[in-house]
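Notes for the one structure printed next.
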Amino acid sequence: MPTNFTAGPVRVRVPATSANLGPGFDALGLALGLHDDVAAEVSSGGVRVAVTGQGAGELPDDDRHLVVRAMRAAFDVLGGHPAGLNVECVNRIPQARGLGSSSAAIVAGVLLARALVTDGEHRLDYSAALRLAAEIEGHPDNVAPCLLGGFTLAWSEPTGAQAVSLPVADGVRPTVFVPAERGFTATARAALPATVPHGDAAFTAGRAALLVHALTADPTLLLPATADRLHQDYRAAGMPGTSSLVSALRAAGVAAVVSGAGPTVLALSEPPASFPVGTDWQIWQLPIDVSGARVARGRLGHAERDPVAAGRKS
């Protein structure tokens, strides 16, 4: 069946995400109210990418851009490629900080490609979009909340990634502490051992199960539910500032974890107003994004082109 492309631009808003949430390594994720806006349209030839906000002047402006690479992968599934693409990215999610910037780009690309094909929703449904995004990213824990919104549990089957989104209980108040330095998932994964003690695995499995209950029904249990022995301690030496802040927050009774591969710290309960953080961190109190990625027709508007990060800076 030939591939027909839509006339005019389409746009997508994708949320930041925090994965792992402590013990839920490669499985649990949370969508946060900080967004990238991306628009694309078919052109007569060539690929042009304009980036404002986070990553401007650093990210590629051609086929190498992750949004375009994800679009190309989706077009492969959809059965054909357009002659050219014009892409506009307004980025608010910090790059390489553990807040899902790469997953946001991947999800945006997959959904934009789908929206640019006239029958794209039939050829690539949401389940297939999740599987493709997870395949590109390498694991589903960030792409799932980015696509679905809310608190997600993701896992892999022989057929690909699967995920469910669960409602979050009142009383969960995400705060992110974002440092200036960057971290990289590959580096963080390289710090993990090939095996862990059976007792640590059993401990972490129990806390991950408790975390599902704490996030969906009883936030008073968030502190014990976010304890982890599977990955955070092994990565601590590479992120000493992050590790120290997590420890200090937890000692103060705050359910704090490393956000994804770091170095951002995520607190799921509100820190005391007098908590001493220092000047090395941007502090944003963010709502939970319950909608996930949202696609619409048309160009980015004036408000969508504002690159200022949502949240409260301290």
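List of remarks:
- Packing-based order for 54-65, 97-108, 248-259, using average beta carbon neighbours within 10 Å, highest first: 97-108, 248-259, 54-65
- Per-pair calculated FRET efficiency, R0 = 35 Å: Ala209 and Ala296 via Cβ, rounded to 0.05: 0.40
- The fraction of accessible area contributed by carbon and sulfur in segment 97-200 is 54 percent, rounded to a whole number (1.4 Å probe; ligands and nucleic acids excluded).
- Anisotropy class of segment 124-246 from Cα gyration tensor, a/c 1.5 cut: rounded
- The Thr220 and Glu181 beta-carbon pair, evaluated with R₀ = 22 Å, returns a calculated FRET efficiency of approximately 0.05.
- For Arg182, the shell of other residues with beta-carbons less than 14 Å away shows a net charge of -2, using +1 for Lys and Arg and -1 for Asp and Glu.
- Between Asn91, Tyr126, Gly262, the Cα set farthest toward the positive side of the dipole of the chain (charges on each charged residue's Cβ, about the Cα centre) is that of Asn91.
- Global form of segment 197-273, assessed from the alpha-carbon gyration tensor, a/c cut-off 1.5: oblate
- Entry comment: accessible area of the chain is 42 Å² per residue, from protein heavy atoms only and a probe of 1.4 Å.
- Gain upon complete extension [Asp119, Ala248; 0.36 nm per residue less C-alpha separation]: 41.2 nm
- Shape of segment 69-183 from the C-alpha gyration tensor: oblate (a/c of 1.5 or more and a/b not above b/c, with a ≥ b ≥ c the square roots of its eigenvalues).
- Stretching the chain fully between Val308 and Thr159 yields a gain of 49.7 nm (0.36 nm per residue, less the alpha carbon separation).
- Given their separation in residues at 0.36 nm each and the Cα-Cα distance between them, Ala83 and Ala50 gain 10.1 nm when the chain is fully extended.
- Among beta bridges from DSSP that stay inside the chain, the antiparallel ones total about 85%.
- Counting only protein heavy atoms and a probe of 1.4 Å, the accessible surface of segment 249-307 is 53% carbon and sulfur.
- Beta bridge orientation in segment 34-192: antiparallel %, DSSP, nearest 5: 65 percent
The values are calculated or read from the model by the stated rules, or taken from the named source; none is laboratory data. Remember, it's a predicted structure, so these values are computed and weren't measured experimentally. Cβ atoms come from the backbone with ideal geometry, glycine included; neighbour counts cover every protein chain shown. Heavy atoms of the whole protein, side chains included, go into the accessibility calculation; ligands, DNA and RNA do not. Shrake-Rupley method; radii C 1.70, N 1.55, O 1.52, S 1.80 Å.
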